[in-house]
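This report refers to the structure that appears directly beneath it.
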Amino acid sequence: MARRRKKLILEDPNLDITPMIDIVFNLLIFFMCATKFKTTEGFIMCFLPKNRGQGSGTPTIDLNEVRIKLLWYGDDGKPTNGDAGYVVVKIGDENYNDPGHFERDLRSTVPEKSPVWTAIHDKLNAFKAGYKGKSDKGLPVIIDARKQVPTKYIVSVLNEVVRAGIQDVTFAAPEIEY
């Protein structure tokens with residue numbers, strides 16, 4: 001007897017891949033959250049000067065620089081670190097006011113009318129006229145103010161430096177106590 005072969009009907013398998021996609025996304029999110037990227041330690045963003053080349057490493061010192069000191073004097077007339085005190089402006093060894101002058105003289109709040117600021121301006125002009133250094137910017141001025149000195153006096157000194165036409169102005173770092 002001859003057997004009859006059944007006709008095979010090929011059906012496309014119906015696979016549900018939704019759970020597999022869910023697992024893949026869960027793994028992806030897990031690895032994104034659990035990954036720690038190593039940061040570069042000790043890396044500082046800086047740019048070296050391009051116009052100088054390699055030098056001897058020794059900075060040039062201009063002996064003609066002017067240092068303006070704003071000191072904080074106590075009631076006894078000596079420098080102090082206390083809260084109560086008075087501002088004294090010095091260029092070199094020359095005092096331009098005595099302790100308490102700014103508090104007694106009401107004209108000192110307007111720099112153009114105070115004789116202290118006028119004297120500082122005249123002294124800076126004299127230094128600028130006699131400058132024989134090699135700096136391209138001209139006479140270097142360093143403003144050295146103690147931390148107790150109110151900012152208005154530092155700004156007044158800076159105004160006088162700018163009024164004198166001086167371009168090379170720097171501020172000294174605060175003193176470190178040993």
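The values are calculated or read from the model by the stated rules, or taken from the named source; none is laboratory data. These numbers come from a predicted model, not from an experiment. Glycine gets a Cβ as well: all are built from the backbone with ideal geometry, and neighbour counts include every protein chain shown.
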Six or more apart or on different chains, Cβ under 6 Å: which pairs go from a residue in region 71-86 that's under 15 Å from Pro150 (Cβ atoms) to one that's surrounded by 12 or more Cβ atoms within 10 Å (Cβ to Cβ) and polar (S, T, N, Q)? Could you list them?
Trp72/Gln148
Condition broken by Asn81, with the remaining ones in (1) out of contact with any Asp or Glu (no Cβ under 9 Å at 6 or more places or on another chain); (2) surrounded by 10 or more Cβ atoms within 10 Å (Cβ to Cβ); (3) modelled with pLDDT under 80; (4) on the phi < 0 side of the Ramachandran plot satisfied:
(1)
I'd like the full set of residues that are exposed (fewer than 14 other Cβ atoms within 10 Å of the Cβ) and not in a loop (DSSP other than H, G, I, E, B), limited to region 119-169.
Asp122, Ala126, Ala129, Thr151, Lys152, Val155, Val162
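Residues that are farther than 30 Å from Glu94 by Cβ, of a type in the set (Val, Ile, Thr) and modelled with pLDDT under 75: does region 21-39 have at least one? Can you show your working first?
As a first pass, look at region 21-39 and keep what is farther than 30 Å from Glu94 by Cβ: 21-39.
Filter again for of a type in the set (Val, Ile, Thr), leaving 21, 23-24, 29, 35, 39.
Going one step further and asking which of them are modelled with pLDDT under 75, we end up with 39.
Yes, region 21-39 contains a residue that is farther than 30 Å from Glu94 by Cβ, of a type in the set (Val, Ile, Thr) and modelled with pLDDT under 75.
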Please determine, by comparing only the residues of region 110-166 that are touching a residue at least 40 places away in the same chain (Cβ under 8 Å) and of a type in the set (Ser, Thr, Tyr), which one is farthest from Thr80 (Cα to Cα).
Ser135
